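Q: I'd like to ask you about the structure that follows.
The values are calculated or read from the model by the stated rules, or taken from the named source; none is laboratory data. Here the structure is a predicted model, which is why all the values come from computation and not from measurement. Note that we place each Cβ from the backbone using ideal geometry, even for glycine, and neighbour counts take in every protein chain shown. Ligands, DNA and RNA are excluded from the accessible area calculation, which covers all protein heavy atoms including side chains. Shrake-Rupley method; radii C 1.70, N 1.55, O 1.52, S 1.80 Å.
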Amino acid sequence: MFKQVSVIGAGTMGNGIAHQFAECGFEVKLIDVNPTQLQTAMQIIGKNLDRKISKGLIDESTKTATLNRIQTSSDIVDGLAGSDLVVEAATENVDLKLKIFKQLDALADPETIIASNTSSISITRIAAATKRPGKIIGMHFMNPVPVMKLVEIINGYGTDPSVTKQIEELAIQLQKVPCVVNDYPGFIANRILMPMINEAIFSLYEGVAGVQEIDTVMKLGMAHPMGPLQLADFIGLDVCHAILKVLHDGFGNPKYAPCPLLSNMVMAGFLGVKSGEGFYQYQPGTKDLVVSPRFAKAR
Ligand SMILES: NC(=O)c1ccc[n+]([C@@H]2O[C@H](COP(=O)([O-])OP(=O)(O)OC[C@H]3O[C@@H](n4cnc5c(N)ncnc54)[C@H](O)[C@@H]3O)[C@@H](O)[C@H]2O)c1
């Protein structure tokens with residue numbers, strides 16, 4: 001069915017998406033406006049393939065073949081040539097996404113399906129910026145893409161059912177498990193996850209329990225592999241804050257309002273793993289989980 005895919009954006013998600021497509025036999029064009037990011041992405045893909053070799057999951061020849069199937073480009077016209085599918089994974093910013101989709105719509109063959117990996121922006125709104133709303137769909141991969149099994153497929157209001165079917169089949173070809181949902185704020189994954197994370201932050205803010213206690217209750221009591229505060233640090237507190245705002249604006253319901261502690265941390269630049277500190281502190285070269293001194297218990 002699909003042979004060649006263009007992946008727009010070579011950041012955290014774009015490199016993982018390119019990796020998964022290439023390892024599953026698709027030709028990939030990886031596009032980013034930042035040429036340095038393209039180099040970094042190829043290095044990350046190489047390292048992630050090495051990790052799979054060391055675990056005995058693939059051999060050296062699979063690594064070589066996977067890397068050979070990925071071409072990089074910082075020119076969108078060149079990057080779209082010959083592709084029968086586009087997966088957009090550029091920065092989560094609504095104006096940027098609308099601009100990119102207008103550009104893709106003008107450049108790509110009218111039959112080409114264009115999927116977005118957005119975590120929270122309305123697929124219906126993105127589709128309305130194009131002349132092909134039936135061919136626009138959400139393909140929400142989870143981080144890290146080569147490891148996580150789920151692809152949340154989001155039907156925009158006007159997505160053609162045959163397009164949904166093709167993308168479901170594609171997710172299976174990519175060795176993932178597709179789940180089709182409709183386009184309402186937060187879809188399913190973030191509509192359920194983000195209020196849980198927000199509630200964990202409110203519990204900390206109100207002094208109900210400390211960071212370690214909140215995460216331990218959820219890990220040992222609910223069998224979550226990671227507590228909600230650690231997960232928030234991993235996702236990025238700015239990303240969590242932005243998604244909660246999408247839920248709050250989209251539903252107009254105060255239950256989604258971001259906790260003031262989360263807002264403060266984001267404004268102050270305490271964004272979790274990516275900034276080195278959030279609810280925990282992250283030192284390069286160590287995997288120890290150390291609670292930030294700001295949340296050391298004062299009892
Ligand atoms: N990080 C996650 O855990 C996660 C999980 C699921 C979905 N997502 C979604 O995936 C998308 C990408 O997120 P990310 O975390 O990879 O972001 P990122 O910041 O790591 O990467 C975004 C990349 O897009 C590039 N870019 C910006 N404008 C571009 C343009 N016009 N053309 C081509 N490239 C452009 C940037 O240079 C950057 O390299 C977002 O929509 C996000 O909501 C993220």
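Q: Which value, in nm² and rounded to one decimal, describes the direction-averaged projected area of the C-alpha convex hull of the chain?
A: 16.1 nm²
Q: Taking the Cα atoms of the range 138-202, report the difference between the largest and smallest coordinate on each principal axis, in whole Å and largest first.
A: Its Cα atoms span 43, 29, 11 Å along the three principal axes.
Q: Enter the Cα centre distance for the pair the range 234-299 and the range 82-143, rounded to the nearest angstrom.
A: First find each Cα centre; the distance between them is then 28 Å.
Q: For the chain, what is the mean residue ellipticity at 222 nm derived from helices alone (per DSSP H run of n ≥ 4: -39500 (n - 2.57); sum divided by total residues; nearest 500 deg cm²/dmol)? Could the numbers behind the result be given before it?
A: Details: 12 runs with 133 residues, N = 299.
The helix-only estimate for the chain comes to -13500 deg cm²/dmol at 222 nm.
Q: Something else: Listed highest first by mean packing, meaning other Cβ atoms within 10 Å per residue, what order do 212-224, 20-32 come in? All intermediate terms of the calculation are to be shown ahead of the outcome.
A: Working: 212-224: 14.6, 20-32: 22.3.
In decreasing order of mean packing, 212-224, 20-32 become 20-32, 212-224.
Q: How much solvent-accessible surface does TYR256 expose, in Å² to the nearest 10, with a 1.4 Å probe and all protein chains in place?
A: 10 Å²
Q: Which value, in Å², gives the accessible area per residue of the range 170-299 when a 1.4 Å probe is used on the protein heavy atoms?
A: Spelled out: the 1.4 Å probe surface of the range 170-299, per residue, equals 54 Å².
Q: What part of the accessible area of the range 1-102, given as a whole %, is carbon or sulfur when the probe is 1.4 angstrom?
A: Here carbon and sulfur together make up 50 percent of the probe-accessible area.
Q: Regarding the range 14-154, what are the three Cα extents along the principal axes, ordered largest first, in Å?
A: Here the spans come out as 46, 30, 26 Å, largest first.
Q: Just subtract the alpha-carbon distance of ALA81 and SER61 from 0.36 nm times their residue separation and send over the number in nm, one decimal.
A: Full extension of this stretch gives 4.5 nm more.
Q: I would also like to ask the following. Classify the range 1-97 from the C-alpha gyration tensor, please: rounded if a/c falls under 1.5, else prolate or oblate depending on whether a/b exceeds b/c.
A: Verdict is prolate for the range 1-97.
Q: Separate question: Kindly list the residues of the range 136-156 that lie in the label zone of TYR184, defined by a backbone N under 16 Å from the point 7 Å along the Cα-to-C-beta vector.
A: Residues 154-156 fall inside that zone.
Q: Each residue of the range 6-19 in turn: what ³J(HN,Hα) in whole Hz from Karplus with 6.51, -1.76, 1.60 and θ = phi - 60°, glycine and Pro shown as x?
A: Calculated HN-Hα couplings, in order: 9, 10, 9, x, 10, x, 3, 7, x, 5, x, 5, 4, 4 Hz.
Q: Next question, about the same structure. Using alpha carbon centroids, what distance separates the range 10-45 and the range 154-231, in Å?
A: One Cα centre to the other: 24 Å.
Q: Taking amide H atoms as placed 1.01 Å from N in the peptide plane, list the residues 5 or more away in sequence, or in a different chain, whose amide H sits under 5 Å from that of VAL151.
A: Here VAL177, CYS179 satisfy the definition.
Q: If you take the square roots of the eigenvalues of the alpha-carbon gyration tensor of the range 79-174 and sort them as a ≥ b ≥ c, do you get rounded (a/c under 1.5), prolate (a/b over b/c) or oblate?
A: rounded
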